[in-house]
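The values are calculated or read from the model by the stated rules, or taken from the named source; none is laboratory data. What you see is a predicted model; the values in this text were computed from it and never measured. FYI the Cβ positions are ideal-geometry reconstructions off the backbone, even for glycines, and counts take in every protein chain you see.
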Amino acid sequence: MGHLQFHFEYVDNVLMKFLVGILLLTALSFPAYAIKPLAIKKDRVLIDTEGEEIQVGDQLAARNLDGKGKALLEVKQVKNGKAVASVIKGRMQLDLSLSKYAAHSKSTAKASKRSPKEKTSGGFTAGYAMNTMTVKPSGAPSVSLSGSSFNLSGFYQLEVDGNVSARVFASYETLQATGTSATNACTGSSDCKVDISYLGLEALVRYRYLHTKKLEAWAGAGLGFLFAIGKSSNVLDSSKISTNQTVVGSLGLDYQLDRNSFIPIQLDYALFPDNSTSSANQIILRAGYGFNF
C-alpha cells in the first residue's frame, strides 16, 4: 500500500503540473489575442491583428481604459497579420484598445453559407485514468479503493454557435481499483478489487474562452453513459453491474498543427453518482489527434 500511495502522490503531482501548465499557457497567450492600432492617417487606421481572425467588413470597437466606447472602425483590407480600417464613427487614438464589435452583413452572409462540413471535426484519443472508489459492503465498514487504468476513444465535434461546440465520444473505458478491508469483507479476504471494462458514450458542451492561431483553450461539462462488457470484483455484486452514468467536467487545449489537423489535450473529472453500495470518481488525462472534415 505504501508503494501505491507513493504512485498516486506522483500522479497527483503530474496532474497538478498539467493544470498549472494550462493556466500558464492561457495567460501567456492573452497578449497574442489583443488587436493593436499601429498608426493613424486621417480616417484610416493601420492595425496589427495579433493572431485574431479578422475579415474585410468586420467592425471594431475602440475603447479607453474604462471600457467606454470612443470610436467604431470597419476593416477594409487584411494581409499578413495586418489590417487597414476606416473610422466610421467617433475619433480614433493610438492609446485606445480594439476588439471585434460586429461583422459586415456581407461577411455574415458568407459565413452563414459555409457548409456544415466546415464546422465539424473528429479524431481519437488515448487516456490515463486515476480511479478512486468507496464500497459499502453489507454489514461491514466501508472500504476505500484506488487504482489506475487506460482508455481509448474516438470523437466527433460540431460547432454550435461562435465559441460554443459539442464533442461526443465513443470509447472503451476501464475502471480498476484495489484496497484492503480490515474485516475481511471482500469474499472472506482482506484484499479487495474491482475490475470493470465499459463501452461508453460521452457528450460534452464546450465553451472556447481563448483562441489564437495555434491554440484554443476551452472548458466544458456533460454526461457519460457506460455499458459494462467485462466485470470482476470480490467486493461488489458483479451480477448487478450493468450500466453506469457519469457527470463530467473538463478542461482542454487544442493545439493547431495546420489548417486541417490539431492535437487535442483534455483533462476530465468524471463523477459516478453515489448509491447504496458504492461511489467512485475518475481523473482522466486524454491526448490524441484531431482533423477537420
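Quick notes on this one:
- Number of positions in the stretch 248-293 that are of a type in the set (Val, Ile, Thr) and more than 30 Å from residue 134 (Cβ to Cβ): 1
- Selection status of residue 154, without any contact (Cβ under 8 Å) to a residue 60 or more places away in the chain, not in a strand (DSSP E or B) and not basic (Lys, Arg): no
- The residue that is nearest to residue 136 (Cα to Cα), counting only those in the stretch 272-291 that are touching a residue at least 40 places away in the same chain (Cβ under 8 Å) and not in a strand (DSSP E or B), is 277.
- Qualifying residue in the stretch 205-214 (condition: in a strand (DSSP E or B), buried (at least 17 other Cβ atoms within 10 Å of the Cβ), assigned by TED's automatic domain parsing to the domain that holds residue 283 and of a type in the set (Phe, Trp, Tyr)): no
- Taken together, the residues in the stretch 44-76 that are in contact with an Asp or Glu (Cβ under 8 Å, 6 or more places away or on another chain) and surrounded by 20 or more Cβ atoms within 10 Å (Cβ to Cβ) amount to 3.
- Summed over the stretch 34-87, residues that are assigned to a loop (DSSP other than H, G, I, E, B), more than 18 Å from residue 212 (Cα to Cα) and among the aliphatic types (A, V, I, L, M) total 2.
- Evaluating residue 264 against the criteria (1) modelled with pLDDT under 95; (2) within 27 Å of residue 288 (Cα to Cα) leaves one unmet condition, (1).
- Members of the stretch 254-276 that are surrounded by 15 or more Cβ atoms within 10 Å (Cβ to Cβ) and of a type in the set (S, T, N, Q): 256, 266
- Of all the residues in the stretch 32-43, those that are under 28 Å from residue 216 (Cβ atoms) and surrounded by fewer than 18 Cβ atoms within 10 Å (Cβ to Cβ) number 5.
- Index of the failed condition, residue 184 passing every other in (1) buried (at least 19 other Cβ atoms within 10 Å of the Cβ); (2) on the phi > 0 side of the Ramachandran plot: (1)
- Of the set (1) more than 30 Å from residue 153 (Cβ to Cβ); (2) of a type outside the set (Phe, Trp, Tyr); (3) modelled with pLDDT under 85, all apply to residue 58 but (3).
- Restricting attention to the stretch 232-253, the residues being modelled with pLDDT under 95 and assigned to a strand (DSSP E or B) number 5.
- The criterion of being of a type in the set (Lys, Arg) and exposed (fewer than 13 other Cβ atoms within 10 Å of the Cβ) does not hold for residue 193.
- Of all the numbered requirements in (1) among the aliphatic types (A, V, I, L, M); (2) closer than 18 Å to residue 135 by Cβ; (3) in contact (Cβ under 8 Å) with a residue 40 or more places away in the chain, residue 215 misses one, and that requirement is (2).
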